[in-house]
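Worksheet: the structure to be examined is printed underneath.
The values are calculated or read from the model by the stated rules, or taken from the named source; none is laboratory data. Here the structure is a predicted model, which means the values were calculated and not measured. Note: ideal-geometry Cβ built from the backbone for every residue, glycine included; neighbour counts use all protein chains shown. We work out accessible area using only protein heavy atoms, side chains counted, and drop any ligands, DNA or RNA first. Shrake-Rupley method; radii C 1.70, N 1.55, O 1.52, S 1.80 Å.
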Amino acid sequence: MKTDIILKYFPDLSEEQKNQFKKLEFLYKDWNQKINVVSRKDIDELYLRHVLHSLGIAKIQTFKDGSHVLDVGTGGGFPGIPMAILFPEVQFTLVDAIGKKIKVVQEVIDGLGITNVKAIHTRVEDLDSQYDFIISRAVAAMPTFVRWIKGRIKKESVHERRNGILYLKGGDLSEELKDYKTAEIYDLTTFFKEDFYETKKVVYLPMKYKG
């Protein structure tokens, strides 16, 4: 069963969470035939390349019940939907500027019956809410991303780690992050042994505050 790879690294899931993860494949294959949000080759490796990859953030940071997380440029719902399954008591907001992608995301949310997720067709710059953490998967270089999300992170932290960005990226990040002295880089090979994760990382960037 393809969800075995999720259970391998997250063995303590409830039966409801297991069922929700199982449903993902059917929902994405069904919707992907109508609106292509996951590449054709990736849809067959959905759990390895998208679901588990999204959950890599949870190996770095767990979210407290009642906290608020924003997924920017969610595309087909990654990393937001897998993370929302994993943290059912955390409120997730998923935004994307492309309406057809948000349509699929909303259909997947409805199909799963999860109630801790909002999907919004908008640009992050047009939001007026603030969040504990902002998550994303390589939608832009870090300087651009930081500019996009300015003012969207709460000043008061309820987690031990200061509020900020948790960003899934790959490859050599030295040039992109050279101006971010506080950035922390975590290799996903520390947690996941599959070859796909050889160059995959989570970047944590705490947000600076003036005053």
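For region 121-164, a tally of residues being surrounded by fewer than 17 Cβ atoms within 10 Å (Cβ to Cβ), of a type outside the set (D, E, K, R) and under 20 Å from residue 67 (Cα atoms) returns 6.
When region 159-178 is limited to residues that are among the hydrophobic types (A, V, I, L, M, F, W, C) and at pLDDT 95 or above, the one that is nearest to residue 62 (Cα to Cα) turns out to be 166. For the residues 195, 172, 179, the requirement of being farther than 28 Å from residue 48 by Cα and open to solvent by 70 Å² or more (accessible area, probe 1.4 Å) singles out 179. Just to verify a result, which residue in region 58-100, among those that are closer than 21 Å to residue 138 by Cβ and of a type in the set (Asp, Glu), is surrounded by the fewest Cβ atoms within 10 Å (Cβ to Cβ)? The residue in question is 96.
When residue 20 is tested against the conditions (1) polar (S, T, N, Q); (2) surrounded by 21 or more Cβ atoms within 10 Å (Cβ to Cβ); (3) under 23 Å from residue 139 (Cα atoms), the lone failure is (3). Number of residues in region 48-57 that are among the hydrophobic types (A, V, I, L, M, F, W, C) and open to solvent by 20 Å² or more (accessible area, probe 1.4 Å) equals 1.
Matching residues to (1) out of contact with any helix residue (DSSP H, G or I) (no Cβ under 6 Å at 6 or more places or on another chain); (2) of a type in the set (Gly, Ala, Ser):
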| position | (1), (2) |
| --- | --- |
| 72 | no, no |
| 97 | yes, yes |
| 102 | yes, no |
| 113 | yes, yes |
| 118 | yes, no |
| 122 | yes, no |
| 131 | yes, no |
| 137 | yes, no |
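Does residue 186 satisfy the criteria of being of a type outside the set (Asp, Glu), touching a Ser or Thr at 6+ places or on another chain (Cβ under 7 Å) and either open to solvent by less than 70 Å² (accessible area, probe 1.4 Å) or over 23 Å from residue 66 (Cα atoms) (or both)? It is false that residue 186 is of a type outside the set (Asp, Glu), touching a Ser or Thr at 6+ places or on another chain (Cβ under 7 Å) and either open to solvent by less than 70 Å² (accessible area, probe 1.4 Å) or over 23 Å from residue 66 (Cα atoms) (or both). Screening region 1-64 for helices (runs of 4 or more DSSP H) wholly inside it with 2 or more residues that are in contact (Cβ under 8 Å) with a residue 24 or more places away in the chain returns the ranges 4-9, 15-34, 52-60. Determine whether residue 145 is of a type outside the set (Lys, Arg) and within 29 Å of residue 17 (Cα to Cα). No, not satisfied. In the set 129, 136, only one residue is within 21 Å of residue 52 (Cβ to Cβ) and polar (S, T, N, Q); that residue is 136.
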